[in-house]
Every structure is written in structure tokens, then in C-alpha cells.
Amino acid sequence: GTDPGPALTQIIYYITNPALMFVLLAETDLGSVFGVFAPAALLTAVVTGLVYAVLAVLLSRRNAGTVAVGAMSSTYVNAGNIGLPIALYAVGSSVPVVSVLIAQLLVVAPLYIGVFSWAAERRRRKALQHGGAAPPRSLWRAAAAPFANPVTLGTTAGLAVAASGVRVPELLWDPVELVGHASVPLLLLVFGMSLYGHRPLGSRDLVVDTLVATGV
């Protein structure tokens, strides 16, 4: 039969997750989010990213782009797919996870995208110097990508509602909330399906990088 995983992933990414982030942010106390949890999330991301970068350079001598990918892997936690279900069912509050998502979507991701764009521009210039074919420039598209994905848009809309104090009419709120709350069970279902047939250390060339990123 057809694997339903990709279709469910698209539904979560484009529909249920943005709706869930909107609902969670619209009802969140922004003082708690930005007063304690978001700064803590940013500090943790900076420290882990720097620790990984130092270890990667010392242990594997990777180039800047590869180090940035590994640093982002060690820094960028799966707060949406795993953090939200655990927070809602085990902790009883989504505020810490929402803070992590805000930090990742609005600060951490754009910074790493900037590093990736810089590394791509270096490769392009080297290719031009050696007379090779240079990849096309896409700096603006890469820089805008973190702000254009549906989850970021849902997060931004929720922040705007929470900051303005506007009360969304029930006629609009109830269906959005219903769709958003479907995200948690769907996320858990898709995550379980994604584990089948995958090997954590399938690429031998990246075993050290994977272990270091995971450890950090």
C-alpha cells in the first residue's frame, strides 16, 4: 500500500502545526515567555553551538558549512514534533516549548541560514576563480526562508494576537483550535512511523559528527 507518512507530514507542516502554534501563542503569557524561557533557550543554543563547533574543528577538521550544519543539529531541538506532546501531556504547560520554538524560528534559524549563505557564497567565488560553473545566487531567498514557512507565520500571528489583546471570535477560534489540537497525536503517529527502517549511524563518514552533535 501507499505510505501515508509523507502526506501526514505535509498536513502537519502546512495546516495543523501552524494552527497549534497560533492557538498556543495567542493564549500564552508573553511575560513568562520572554522573561525567562526564551533567553534561557537562546543561551543554551549559543553554548551548545559553540561547543560543537570547537569539537568539530578539533576532531574532524570540517569546513565552515559542514560545521554550521552540525552545530545547528546539536542546537536545534525537535521542540515541535516531540517537545509539544511531552510538554502538554507530561508537564501540563506548553510555555517552555513555545519559548524554544520562538527562539529557534525567529533568531537561531536566521543566524544559521546566514552562515549557510556565506559558506555558499565562498564556494561560488572559489568556483569562479577556478573557472568552474558557479551555483546561482540565492542569498535573499535563503535569508527569507525561515520567515516564510507556515509554522513561523502561525507563530507570528499568535504573538500579534497575544500582544494586542484582541479576542478572536469563537466562530473563527473554535475550528482553528480543533485543527491545531489534532497536531499532537498526528505528530506522535508520524514520528513512530518514521523510525521504521532507519539506521541512526548509517553514514560511516559522519559517525563522529553525529555522535558529537548528539552528545552536545
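Per-structure values
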{"quantity": "Checklist (1) more than 30 Å from Y52 (Cβ to Cβ); (2) outside any helix (DSSP H, G or I) applied to V176, failing item", "calculated": "(2)"}
{"quantity": "Answer residue from the stretch 154-181, given it is hydrophobic (A, V, I, L, M, F, W, C) and out of contact with any helix residue (DSSP H, G or I) (no Cβ under 6 Å at 6 or more places or on another chain) and is most open to solvent (accessible area, probe 1.4 Å) among those", "calculated": "L171"}
{"quantity": "Set P169, P175, P135: member being at pLDDT below 75 and either within 24 Å of V100 (Cβ to Cβ) or out of contact with any strand residue (DSSP E or B) (no Cβ under 7 Å at 6 or more places or on another chain) (or both)", "calculated": "P135"}
{"quantity": "Lone unmet requirement of (1) exposed (fewer than 14 other Cβ atoms within 10 Å of the Cβ); (2) at pLDDT 85 or above for L186", "calculated": "(1)"}
{"quantity": "Counted residues, the stretch 60-117 - those being part of a loop (DSSP other than H, G, I, E, B) and in contact with a Ser or Thr (Cβ under 8 Å, 6 or more places away or on another chain)", "calculated": "1"}
{"quantity": "Test: residue in the stretch 181-203 that is more than 19 Å from the chain's Cα centre (by Cα), at negative phi, outside any loop (DSSP other than H, G, I, E, B) and of a type in the set (V, I, T)", "calculated": "no"}
{"quantity": "Long-range neighbours under 8 Å by Cβ, at least six apart or interchain, first residue among the β-branched types (V, I, T) within the stretch 188-216, second open to solvent by 80 Å² or more (accessible area, probe 1.4 Å)", "calculated": "V208/L59; T210/P200; V212/L59"}
{"quantity": "Residue list for the stretch 161-216, filter: of a type in the set (A, V, I, L, M, F, W, C) and within 21 Å of G65 (Cβ to Cβ)", "calculated": "L206, V207, V208, L211, V212, A213, V216"}
{"quantity": "Neighbours by Cβ (under 6 Å, 6+ apart or cross-chain): first from the stretch 102-120, closer than 14 Å to L159 by Cβ; second open to solvent by 50 Å² or more (accessible area, probe 1.4 Å) and among the aliphatic types (A, V, I, L, M)", "calculated": "A103/L42"}
{"quantity": "Some residue of the stretch 105-121 being modelled with pLDDT under 80, open to solvent by less than 60 Å² (accessible area, probe 1.4 Å), of a type outside the set (F, W, Y) and closer than 23 Å to L188 by Cβ", "calculated": "yes"}
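Residues checked against (1) closer than 20 Å to L106 by Cα; (2) of a type in the set (A, V, I, L, M); (3) in contact with a His (Cβ under 9 Å, 6 or more places away or on another chain):
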position: F22; (1), (2), (3): yes, no, no
position: D29; (1), (2), (3): yes, no, no
position: S32; (1), (2), (3): yes, no, no
position: V47; (1), (2), (3): yes, yes, no
position: V57; (1), (2), (3): no, yes, no
position: I82; (1), (2), (3): yes, yes, no
position: A87; (1), (2), (3): no, yes, no
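The values are calculated or read from the model by the stated rules, or taken from the named source; none is laboratory data. Nothing here was measured: the structure is a model prediction, and the numbers come from that model. All Cβ positions, glycine included, derive from the backbone under ideal geometry; neighbour counts span all protein chains shown. Side chains included, ligands, DNA and RNA excluded: accessible areas come from the protein's heavy atoms. Shrake-Rupley method; radii C 1.70, N 1.55, O 1.52, S 1.80 Å.
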